[in-house]
Amino acid sequence: MWTGVGGSWVPSVARAEEDHDLVGREREARELRELLTAHRMVSVTGRAGVGKSRLARAVTTATADGPWRRIVRVRGTDGGTCPPGALAASVVRTLTGPGAASDGADPDVVGAVRALRDTRILLFLDDADPVRAECTGLAQRLLMAVPDLRILVTSHRPLGLGHEQVLRLRGLALEEPAGGDGAAPAVELFLARARTRAFAPRGAELRAVREVCRLLEGHPRAIERAAGQLADRPVAQVASLLARRQDRLARARYRLCAAELRTVWARASAFAGSFAESAAVFVCAGDTVAEHRVPGALARLAALGVLEPVGDRSGPRRPRYRMARAAREFGAERLRESGEFPVTAERRVAHGRRVAAVAEHLWSAGGQRQAVHLVLDERDELTDTVRCALARPEHAQAALKMVVDLWFWWAVYDRAEEGLGYLLRLLPHCAPDGPSVVRAQWLAAWLAAHHDPRTARALLDRAWPAAVLAGDDAVIGRIAHVQGVLALAQGDAREAAEHFRFAADTVPDHAPAGPSPAVSRAVLALAQAGFDPDAARHSARRALTHPGIRDDAWAALLARCARAVVDHRCGHRGPALRRARRALEAVEGQLPTPYGRATLARLVADIESGAPAEPRRPAPPRPRTDVRLPDHAASASRH
């Protein structure tokens, strides 16, 4: 390992904080391992002190069975400036020895890697911010020149390379795990760092620990420093000092603001996560604040430290901001005192509806990549808006429409449990008629089909007559698609095929707010593969030639998956392997993994290992116990 110090690169030891065990990052560690195994370029990004280096180091140290034979770690520091070529020189030194390159030379890092006997290397560029430009160019050259090389980078923001996979680290979660089994990750970290002081809090002390973690927003380095204060003062005093300090800081900044800035501050406190400048204009403008004044007010609040600019601000995208928890809570108090909270909350819901509607339109119109990026940008705000609407029945209908418009996010990108929970909680607060409720019922049934068929059937029983009375062919066909999923889960492929065929023939082309007919045709082929390979091949071919398939990347993925599965079932392993690999290569690398990719990956592994082409039995349904079935759906299940 080599570290930049004062412009030169010398060997160094790891920072003391890296010697601690990794706490509260099990999910992120698992996700990073999967990304490193499946992709050649991965970046871990986040604020300073959030634990990027610690996570990356822990994962690379523990992952002994990765597709690499050697890990080369190079780390920079924030102090000093590094001369051109310093990063490449340190990589060469680490690979070949300290005397292989001098600081003044122009190191041939590509040649140094190629000269190795085994180029299956994971190059870990830790803390790349001081040498960001050189790191970007070096990574691009190495990835193009050395096919077996993989690169892991930690930095405040992504490098911006085309095949770069990004894992964004946030603060540790403040909520306890489902079922109340164990402490929240942030609390767990605090206790782990305070354990050497025989600290075992209960009752009021434990509540004080939770308050400390909440005030620090789950930031790992800040939590560790707060735990270090227990040697001098009790935890309740630590929490009190943090609360007073943040409150005094917020009040001091508030006094520095003019009336217009105070208004924008208070209204912007409605946003839970990061928000775009355009969203702030929509929510914060009105009365004494003109729309064109909001961007300038945001910039001034950022200069005062009330807002923190987030994201990569070097590109053409407009700024995004995030408000610290203390500033947000202080602003929310001012918002309630002014009597503007209800209006601001209503505007926030309206903004969420607008974002979800735009995302759904992009998905249906062929802009699926843009739709998912929009949801990723606005995810925190959208989900928090839905959670707030659950406590305000007057916003339930709007929130339900928002969740329905985001159908592709729940169904395609493995968020079924989350989306289903929102739908089942919102439906009882909405009138039982209306197109949004009917669409919500079939969507909830689709999301529940694999895990809770009882709930799915009850919801379909409610949605079917309403869809027939309304003459909504799109919903009728999609209900049939869900019935096919239920039949397939029971092992009845022939009945499932009939439902999928009806769905493919009934849903109109380019119908919004749900899967296209090509999706039903592709799943039809998968169902037919087990009992009628010729019909399955015909269905897969029809799915691939369906109108609009070029603009429907997900339908194309499922259709290619179906064609590859059918080829494998018919004994055509070579064509099946080529089709499956091409389909995997077409998956957008910077987006979450879509439904269908795992099937393709298993198929490739089966073909390469020579496994027989046997149909996989679906996993047994797992009933949900954390949500309540809507009353009208429950009553429908009894008829």
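The values are calculated or read from the model by the stated rules, or taken from the named source; none is laboratory data. From a predicted model like this one, the values you see are computed outputs, not experimental measurements. A quick note on method: Cβ atoms are made from the backbone with ideal geometry, for glycine too, and the neighbour counts reach across all protein chains shown. When the accessible area is computed, the model is the full protein with side chains, heavy atoms only, and any ligands, DNA or RNA have been set aside. Shrake-Rupley method; radii C 1.70, N 1.55, O 1.52, S 1.80 Å.
Length gained on full extension, Ala586 to Ala259: 112.5 nm, using 0.36 nm per residue less the C-alpha separation. Computed over Cα pairs, the Kirkwood radius of the range 426-531 leads via Stokes-Einstein (0.890 mPa s, 25 °C) to a diffusion coefficient of 180 µm² per second.
If each of Arg233 and Arg248 carries a label point 7 Å out from its Cα toward its Cβ, how far apart are those two points in nm? Taking the two extended label points, one gets 1.0 nm.
Over the range 382-432, calculate the relative contact order: mean separation of alpha carbon pairs under 8 Å at least 6 apart, over the residue count, as a percent.
Working: 29 pairs, mean separation 20.7, N = 51.
RCO, the range 382-432: 41 percent.
Projecting label points 7 angstrom from Cα along Cα→Cβ for Glu346 and Ala365 puts them 2.9 nm apart. Solvent exposure of the range 116-215, expressed per residue, is 48 Å² of accessible area, with all protein chains present and a 1.4 angstrom probe. Rounded to the nearest 5, the antiparallel percentage of DSSP beta bridges internal to the chain is 35%.
Looking at the range 246-315, the accessible area is 45 square angstrom per residue; that uses a 1.4 Å probe and ignores ligands, DNA and RNA.
Kirkwood-type hydrodynamic radius, the range 562-612: 11.0 Å, calculated from all non-identical alpha-carbon pairs.
Computed over the range 116-211, the convex hull of the alpha-carbon atoms projects to a mean area of 10.4 nm².
The listed peptides 570-580, 270-280, ordered by packing as a protection proxy, come out as 270-280, 570-580 (highest mean of other Cβ atoms within 10 Å first). Under the shape rule built on the C-alpha gyration tensor, where the axes satisfy a ≥ b ≥ c, the range 503-591 is oblate, since a/c reaches at least 1.5 while a/b does not exceed b/c. Dipole of the range 485-544 computed with +1 at Lys/Arg Cβ and -1 at Asp/Glu Cβ about the Cα centre; of Ala535, Ala503, Ala489, farthest Cα towards the positive end is Ala535. Judged by the mean number of other Cβ atoms found within 10 Å, the most tightly packed of the peptides 494-504, 26-36 leads the ranking 494-504, 26-36.
Were the residues from Glu291 through Val310 laid out at 0.36 nm apart, the gain over their Cα-Cα distance would be 4.7 nm.
About its Cα centre, what dipole magnitude does the chain give when the only charges are +1 on Lys and Arg Cβ and -1 on Asp and Glu Cβ, stated in debye to the nearest 20?
Numbers: 92 positive and 74 negative charges, 160 e Å.
Taking the Cα centre of the chain as origin, the dipole is about 760 debye.
Restricting the calculation to alpha carbons of the range 337-376 gives Rg and Dmax of 13.9, 45 angstrom. The label point for Ala302 and the one for Leu161, both projected 7 Å from the Cα toward the Cβ, are 2.7 nm apart.
Quick check on the range 467-520: what are the equivalent-ellipsoid semi-axes from the Cα gyration tensor, as sqrt(5λ), descending, whole Å? Mind showing how you got there, number by number?
Working: eigenvalues 77, 26, 14 Å².
Working through the eigenvalues yields semi-axes of 20, 11, 8 Å.
Does the chain come out rounded, prolate or oblate, given a ≥ b ≥ c as the square roots of the eigenvalues of its C-alpha gyration tensor, rounded meaning a/c under 1.5 and, failing that, prolate meaning a/b above b/c? Verdict is oblate for the chain.
Please label the shape of the range 138-177 as rounded, prolate or oblate, based on the square roots a ≥ b ≥ c of the eigenvalues of the alpha-carbon gyration tensor (a/c under 1.5 means rounded; beyond that, a/b larger than b/c means prolate, else oblate). It would help to have the intermediate numbers written out before the result.
Values: a/c = 3.96, a/b = 2.76, b/c = 1.44.
Verdict is prolate for the range 138-177.
Peptides 129-138, 249-258 ranked from most to least packed, by the mean per-residue count of other Cβ atoms within 10 Å: 129-138, 249-258.
Helix-only estimate, please: 222 nm mean residue ellipticity of the chain, summing -39500 (n - 2.57) across DSSP H runs of length 4 or more and dividing by its residues, to the nearest 500. Before the final figure, lay out the partial values.
Details: 28 runs with 361 residues, N = 639.
Roughly -18000 deg cm²/dmol at 222 nm, from the helical runs in the chain.
Could you tell me what percent of the accessible area of the chain is made up of carbon and sulfur, with a 1.4 Å probe and every protein chain present? Walk me through the numbers on the way to the answer.
Numbers: 15050 of 29520 Å².
Here it works out to 51 percent.
Using the crude model of +1 on Lys and Arg Cβ and -1 on Asp and Glu Cβ, and no other charge, please compute the dipole size for the range 360-402 relative to its Cα centre, in debye to 20. Numbers along the way, then the final one.
Numbers: 5 positive and 7 negative charges, 29 e Å.
Result for the range 360-402 is approximately 140 debye, rounded to the nearest 20.
Ranked from largest, the principal axis spans of the Cα set of the range 250-390 equal 49, 37, 26 Å. Taking every protein chain into account, the accessible area of the range 517-590 amounts to 43 square angstrom per residue (probe 1.4 Å).
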